[in-house]
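The values are calculated or read from the model by the stated rules, or taken from the named source; none is laboratory data. It should be emphasised that the depicted structure is a prediction, and the values quoted were computed from it without experimental measurement. Glycine gets a Cβ as well: all are built from the backbone with ideal geometry, and neighbour counts include every protein chain shown.
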Amino acid sequence: MAKPTPLSGFPELLPEQRFVEQQVIDTLRRTFELHGFAGIETRAVEPMDQLLRKGETSKEVYVLRRLQEESAEGHAGIGLHFDLTVPFARYVVENAGKLEFPFRRYQIQKAWRGERPQEGRYREFTQADIDVVMKDELPFHFDVEVARVMAEGLSGLPLPPLRLRVNNRKLIEGFYRGIGAADPQTVITIIDKLDKLPEEQVAALLVSDAGLSEQQAAQCLQLATITTSDTTFVERVRALGVQHELLDTGLQELAAVIDGCSAVRSDRFEVEASLSLARGLDYYTGTVFEIYMVGYEFLKSVGGGGRYDALASDGRSTYPGVGISFGISRTLVPLMSRGLLAADRKVPSTVLVALVDEESRPESDAIASALRSRGISCEVAVSAQKFGKQIRYAERRGIPFVWFTNADGGHEVKDIRSGEQVAADPATWTPPNEDLRPQVLTVSTSSTTEEI
RNA sequence: GUGGGUAUAGCUCAGCUGGUAGAGCGCCGCCUUGUGGUGGCGGAUGUCGCGGGUUCGAGUCCCGUUACUCACCCCA
């Protein structure tokens, strides 16, 4: 077979990279479960009408068709999901009778989109979602909870610092209504373009498309400039002198989220109220989130979410929800391809048991078994090459220890990093804790290497 | 979908106005006789993306094609 070329948009990781991804997934899972979130996995496919509702036609859905289908158009009408929210909403309705509400769930799975790939944007990618869904009415404190849980999970990851930006749809909609905007939804859509278009252009759009006066447009932009890492945004909004009931509610809610996140705030995880944040999607009704990776703003948001008053509906009941998703592939793949993130070994093995000759393989296997029985990953040398070659084999893979057996049956273990070799007993020898598993190495922008 | 760029050894890349395919790193062997890394010496690398054309002769020029890649759009 000729050497296959990589498929654009379908990233594959090397073992030392996959280890990091797996570790990230494990960390998130542990945090989510610590907070009582139950894991689910939904099927990879959904009916096309589910995928295409809410005008999501821009998502470039991959359609599934059997090879033996009679005609190209005769497919079953199913496609791969492009996010985890749509399948989750369907799952909730389908299993409403069996689920307990409020239902906290996490879901770490792949999703697919046919859009043109670019750094940080792939056709097959993994994301981690948490959501809380309720029947009829979802208490507001869950908005605070999902932010806190995701923040806690992400803070434990070997990533550059992250920034959670929070805003509230009620706040901005109330503000826009308060200044007399007739079509707040259009204003929101235009304001969302602030990070792409210069202010003047956004102002012009507000006048031409949203029917605002120049005075009103200026007020909207003034609101959008407000960014604070505490609740002082409330005073600054008040100072603009706009009055509306919805604005009051929004201010109160956003302040509650910002306050509620104070415990998870650190130098590796920033939380800010950002009143320019709108998110283009129209189904958000209150809190909205976006996550950015500091120093990697060109990737755009690496996570996002918010509250939906109608996440799902079965005609009789509506199911409001609030959640956040985080792009695992989106953050990890760019870091890895730049060589900034990988494990320090290509294999899990902590020890390579050397082989004296083929006849003594059972002895080497026995040593390996003794080590494994105590949780130490190890492998036996492939063949009885010269010890120098066996050591080199370990070195290439990053295996830190090589185990030797003397002619008289004594045992010695060598730390090939230091060269130190000491007598050891397979029944009791234990490596330093940090050598038991591969370590994640990150290279920060100041190009210092640190272990996390 | 629109517009650029690229395709040569395992990797990163050179290869001029057409004339027998190159470097660095890595890999293998020996120096080193069963304990690696540093050093010295030696060695192997290849459908020059694919197809066609021009030419005595094409990695090089022309046409086509495929893949990759960057930007726009959009999002995790």
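In this structure, does residue A:229 turn out to be touching a helix residue (DSSP H, G or I) at 6+ places or on another chain (Cβ under 9 Å) and under 27 Å from residue A:309 (Cα atoms)? Full working, then the answer.
Numbers: touching a helix residue (DSSP H, G or I) at 6+ places or on another chain (Cβ under 9 Å): yes; under 27 Å from residue A:309 (Cα atoms): yes.
Yes: the conditions hold for residue A:229.
What do you reckon, is residue A:121 surrounded by fewer than 22 Cβ atoms within 10 Å (Cβ to Cβ), in contact with a helix residue (DSSP H, G or I) (Cβ under 8 Å, 6 or more places away or on another chain) and basic (Lys, Arg)?
yes
Tell me, please, whether a residue that is polar (S, T, N, Q), assigned to a loop (DSSP other than H, G, I, E, B), at pLDDT below 95 and within 16 Å of RNA strand B (Cβ to nearest atom) can be found in the stretch A:5-17.
Taking every residue of the stretch A:5-17 in turn, at least one turns out to be polar (S, T, N, Q), assigned to a loop (DSSP other than H, G, I, E, B), at pLDDT below 95 and within 16 Å of RNA strand B (Cβ to nearest atom).
For every residue, the table says whether it meets (1) touching a His at 6+ places or on another chain (Cβ under 8 Å); (2) without any contact (Cβ under 8 Å) to a residue 24 or more places away in the chain; (3) among the basic types (Lys, Arg).
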site	(1), (2), (3)
A:82	no, no, no
A:88	no, no, no
A:92	no, no, no
A:103	no, no, no
A:112	yes, no, no
A:115	no, no, no
A:118	no, yes, no
A:123	no, no, yes
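Please work out which one of (1) at pLDDT 95 or above; (2) touching a helix residue (DSSP H, G or I) at 6+ places or on another chain (Cβ under 8 Å); (3) of a type in the set (Lys, Arg) is the condition residue A:193 fails and give its number.
(1)
Of all residues being assigned to a helix (DSSP H, G or I) and of a type in the set (Ser, Thr, Tyr) in the stretch A:247-283, which is farthest from residue A:153 (Cα to Cα)? Just the residue, please. I'd like the intermediate steps shown before the answer.
Initially, the stretch A:247-283 is screened for residues assigned to a helix (DSSP H, G or I), giving A:247-260, A:262-264.
Pick out the ones that are also of a type in the set (Ser, Thr, Tyr) and you get A:249, A:262.
Working: A:249: 29, A:262: 15 Å.
So, considering only residues that are assigned to a helix (DSSP H, G or I) and of a type in the set (Ser, Thr, Tyr), the one farthest from residue A:153 (Cα to Cα) is A:249.
Could you please give the count of residues in the stretch A:24-45 that are part of a strand (DSSP E or B) and farther than 26 Å from residue A:335 by Cβ?
Residues that pass the stated criteria total 2.
So residue A:105 passes all but one of these: (1) assigned to a strand (DSSP E or B); (2) within 16 Å of RNA strand B (Cβ to nearest atom); (3) of a type in the set (Lys, Arg). Which condition number does it fail?
Of everything listed in (1) assigned to a strand (DSSP E or B); (2) within 16 Å of RNA strand B (Cβ to nearest atom); (3) of a type in the set (Lys, Arg), residue A:105 misses just condition (2).
In the stretch A:285-311, what residues are within 10 Å of RNA strand B (Cβ to nearest atom) and part of a loop (DSSP other than H, G, I, E, B)?
Those that are within 10 Å of RNA strand B (Cβ to nearest atom) and part of a loop (DSSP other than H, G, I, E, B): A:300, A:301, A:302.
At pLDDT 95 or above and either of a type in the set (Lys, Arg) or within 16 Å of RNA strand B (Cβ to nearest atom) (or both): is that true of residue A:118 in this structure?
So residue A:118 does not fit the description; no.
Looking at A:144, A:149, can you tell me which residue is farther than 15 Å from residue A:299 by Cβ, within 13 Å of the chain's Cα centre (by Cα) and part of a helix (DSSP H, G or I)?
Among A:144, A:149, only A:149 is farther than 15 Å from residue A:299 by Cβ, within 13 Å of the chain's Cα centre (by Cα) and part of a helix (DSSP H, G or I).
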